[in-house]
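Shown next, in structure tokens, is the structure this report addresses.
Please treat every number below as a calculation from the coordinates, not as lab data. The structure displayed is predicted, hence computed values, not measured ones. Using ideal geometry, Cβ is built from the backbone for each residue, glycine included, and neighbour counts are taken over all protein chains shown.
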Amino acid sequence: MRPLMAYLPKEFYFDFIKMRFIAFAFSGLLVVGSLVSLATQGLNFGIDFAGGILIEARAPERVDLAPLRAKLEGLGLGDIAITTYGDEGRDVMIRVQQQEGGDEVQAAALKKVQETLGEGFETRRTEVVGPKVGAELVINGALAIALALIGIAIYVWFRFEWQFALGACLSLTHDVITTIGLFSILQAQFDLNTVAAVLTIAGFSINDTVVVYDRVREMLRKYKKLPLPDLLNLSLNKVLSRTIVTNLTTTLAVLALVTIGGTTLQGFSLAMLWGMFIGSYSTIYIALPILVYFDLRADDVSQLQAPGVKQAPEYERQPG
């Protein structure tokens with residue numbers, strides 16, 4: 001069986017940089033729409049952030065989540081998240097959204113859940129997560145995302161140059177804002193799994209960006225006379241087949257999560273599926289075209305030449 005790469009053209013000749021103004025306008029609409037939605041209707045926070053009741057229990061045998069979830073959702077207590085953990089599948093963690101009305105209502109909701117579980121379940125831990133704890137988690141989640149973006153920008157700065165770091169930072173910020181904005185627009189549940197997905201998207205996106213930037217740096221050394229837009233197009237087309245294969249295989253894995261991952265991973269799967277698209281888009285139409293507006297020269301990257309690697313002769317640096 002032939003590998004997938006064998007079916008792709010050896011060379012692509014797309015003029016991506018020419019479309020940068022349309023892409024910038026589209027990205028601007030995405031970012032503005034996301035910010036407006038966040039300002040007007042906010043996020044639909046899950047139990048992790050909004051607070052609620054946490055119950056850990058052990059069943060006498062492996063738990064079938066579907067009928068258990070149906071029973072608990074029939075209690076009318078709002079959002080309920082159920083997950084199993086442990087090797088045997090007997091341990092369950094149940095999270096119920098915070099009930100309005102104070103401690104007495106919370107205690108009554110806890111009692112309802114325990115009665116629905118029945119005597120066969122051994123309750124091992126009960127905990128009430130208040131809104132204060134939820135607010136702290138929101139702050140910590142935002143801080144985690146911000147620190148990740150800053151760390152990535154610093155790495156790209158040291159790995160390449162400040163122009164590349166700025167492009168990568170703008171691209172990642174675009175990805176994060178539009179992903180969070182998507183959850184706000186759809187009012188999909190936003191929880192800690194989604195925060196993990198956002199950080200994963202940032203890692204996926206910067207991986208694509210660094211591959212393209214590395215090729216740009218190589219071409220800057222090789223083709224000193226080539227106009228920068230043409231050089232950027234050439235660099236991107238050189239790695240496009242790799243990008244297509246990587247995105248395709250990753251998307252297949254994410255589609256498996258979307259289709260059979262269940263409600264527990266719904267938010268994570270949605271964020272990852274969007275991230276596959278937006279991460280590649282931002283690399284092609286934000287991180288790369290932004291370099292057009294910097295007067296990049298081979299001298300900008302000459303000090304990053306790896307030890308022992310010889311500079312190409314002058315005649316090899318001319319466009320073929």
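Remarks
- Per-residue Cβ neighbour rank within 10 angstrom, fewest leading, Glu218, Glu61: Glu61, Glu218
- Footprinting exposure proxy for Asp208, Asp230, Asp15 (fewest neighbouring C-beta atoms within 10 Å first): Asp15, Asp230, Asp208
- Each eigenvalue of the Cα gyration tensor of the range 52-129, multiplied by 5 and square-rooted, gives one semi-axis; in descending order these are 21, 12, 11 Å.
- From least to most packed, judged by other beta carbons within 10 angstrom and beginning with the fewest, Phe16, Phe21, Phe277 follow the order Phe21, Phe277, Phe16.
- For the range 223-233, 3J(HN,Hα) computed residue by residue from phi via the Karplus equation (6.51, -1.76, 1.60; θ = phi - 60°) reads 10, 6, 8, 6, x, 4, x, 5, 5, 5, 4 Hz, glycine and proline entered as x.
- Translational diffusion of the range 24-173, µm² s⁻¹ [Kirkwood Rh, Cα pairs; Stokes-Einstein; 10 °C; 1.306 mPa s]: 85 µm²/s
- 3J(HN,Hα) along the range 191-198: 9, 5, 4, 5, 4, 4, 5, 4 Hz, from the Karplus curve 6.51 cos²θ - 1.76 cosθ + 1.60 with θ = phi - 60°, whole Hz, x for Gly and Pro.
- Rounded to 0.05, the FRET efficiency of the Leu147 and Leu252 pair, given R0 = 51 Å and the Cβ-Cβ distance, is 0.95.
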